[in-house]
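FYI, it's all coordinate maths here, none of it is from the lab. The model shown is predicted, which means the values in this text are computed figures rather than measured ones. All Cβ positions, even for glycine, are placed from backbone atoms using ideal geometry, and neighbour counts span all protein chains on display.
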Amino acid sequence: MTGFLATHSPVMSLITLGLNHKTTPLQLREKLAFTPQNLCEALNSLIKVSGVSEAAILSTCNRTELYCALHTDYSTENNPYSLADQRLIEWFSNFHGLSTTELEGHLYVHEHKETIRHAMEVASGLDSMVLGEPQIAGQMKQAYIVANHEGTIGQLLGKLFQHSFSVAKQVRSDTAIGSSPVSVAFAATSLAKQIFGDLNESTAMMIGAGETIELAARHLQSQGIKKIIVANRSHERAERLAQEFDGEAITLQHIADYLHRPDIVIASTASPLPVLGKGTVERALKKRKHAPIFMVDLAVPRDIEPEAGLLDDVYLYTVDDLQDVITENLKNREQAAEQAHEIIDEKVEHYLDWQRSLVAVDVISELRSTAINLSDEVLKKSMKQLLAGQDPEEVLAFMAHTLTNKFLHQPCTALRKAGEQERHDLIQAARRLFIDTGPDNKSN
């Protein structure tokens, strides 16, 4: 029964090494990003770094982070992470073909409890460029799936990621972190929904084919928009974007022929002059029998002549109009973020409680295994005695006596040694575990 009262090594520690939009310019973030093509290779290389026992990599356009669990040898009081930091930085720079000096001032490191907190904040959108944005949770799930598939994630990181997903879900359901639009694309979609209600019967025309237009189209699609028409100077680019939304592509020259169809028009091009004039809008309204059109001009300089907004049945918003909405909504999100941090504070402690319990789980498992082995051993001897015709009462007495002696031999030996060494803590622990069972369990 070796090790019954032995002390156990602490469970492994966590560390995060990363960079994001706050610490690193885009040009360097691009160089340090992992692609779907090299992510698996990177994980299998990272897990081989000395001291690393588990690994996952989160890489998006705004952040690249290594999440690692470390062997206990690399997280002792004599060596608090510094060696692990150094080796991870060297691996990170070498993998991307850069020198460590190029990374100086751009990296951050979170150790154990702060890694737990950081993972939950990232999953909840609290560390994002757009506060509370939901896409990062899906990106973290993908990072978990890939690491799990490659076999580089274990008990500690697996629990951390699952815990973070659960926290993110609670933050979104218990706070208003995601209810207020804080991007112009999202704000435009929200206003459209306020005007038209259900968008299932509405058609939208997207003028332009850049990132903002694409994002707005995705928001509209998520709200169930019936039809999307993409108008762009290049028909090829319009066609490429339209295909993503099962839409229709036209060139800018044909806007006038199609403008009577959409209920929603969102424009964002790089044109130096308006691409949509008041006269064109007026003619479209006549064809629509003056059914209202909601228009959002996100371009600077403007894509839609301001005079178009003076027409009856036209609701025209500019990027400045939306910015007022965004500013107010950002305040709402910041208030919600305070509530989210309170949730995270509690969940960090839950994770730490679970991790601390792992030591007890290991001891319980070893104790049960030892007890079962001893029971099997004594049972076999007792069965042989019964088969040999020995008195059953004598066999039972033998079994009880032998089991008692075998179970207590090692603990008693350890306690005598503890007394000799004045280890009163071990003696008190043994008393608490095996003698002082509490008032509910004391016999009358």
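Miscellaneous remarks
- Estimated inter-spin distance, THR402 and ASN94, nm [label 7 Å along Cα→Cβ]: 5.7
- R0 of 56 Å, Cβ-Cβ distance LEU273-LYS169: FRET efficiency to nearest 0.05: 0.75
- With a simple spin-label model that places each label point 7 Å from the Cα along the Cα-to-Cβ direction, the separation between LYS31 and ARG283 comes to 5.3 nm.
- Size of region 390-429: Rg and Dmax of its alpha carbons, in Å, are 15.2, 46.
- Residues with amide H under 5 Å from that of VAL296, placed H, sequence gap 5 or more: VAL265, ILE266, ALA267, TYR317
- Expressed per residue, the C-alpha convex hull volume of region 13-174 stands at 103 Å³.
- Taking 27 Å as the straight-line reach from the Cα of LYS287, the lysines in range (excluding those fewer than 8 positions away in the same chain) are LYS193, LYS226, LYS227, LYS278.
- Here r is the Cβ-Cβ distance between ASP376 and GLU349 and R0 is 56 Å; the resulting FRET efficiency, rounded to 0.05, is 0.85.
- Cα-based convex hull volume of the chain per residue, rounded to whole Å³: 244
- Taking the chain as a Gaussian network of alpha-carbon nodes connected by springs under 10 Å, the highest mean-square fluctuation of the residues LEU70, LEU252, LEU17 belongs to LEU252.
- Spacing of the two label points (7 Å from each Cα toward its C-beta) at GLN135 and ASN148, in nm: 2.3
- Alpha-carbon centroid distance for the pair region 13-46 / region 81-144, whole angstrom: 7
- Scanning the chain for DSSP H helices at least 27 Å long along the axis (C-alpha atoms) with a Kyte-Doolittle mean no lower than -1.0 picks out 155-174, 319-387, 392-420.
- Between PHE398, PHE186, PHE161, the residue with the greatest mean-square fluctuation in the GNM of the chain (Cα pairs under 10 Å linked by springs) is PHE398.
- Estimated purely from DSSP H runs of n ≥ 4, each contributing -39500 (n - 2.57), the mean residue ellipticity at 222 nm for the chain is -17500 deg cm²/dmol once divided by its residues.
- Trypsin sites (Lys or Arg not before Pro) within region 214-298, DSSP loop, no more than 10 other Cβ atoms inside 10 Å: LYS289
- Chain lengthening between LEU367 and GLU342 when straightened (0.36 nm per residue, less Cα-Cα): 5.2 nm
- Counting only the Cα atoms, region 184-323 fills a convex hull of 92 Å³ per residue.
- For the chain, the dipole from Cβ point charges (+1 on Lys and Arg, -1 on Asp and Glu) about the Cα centre works out to 760 debye, to the nearest 20.
- Computed E for GLU328/ALA256 - FRET, C-beta separation, R0 41 angstrom, nearest 0.05: 0.70
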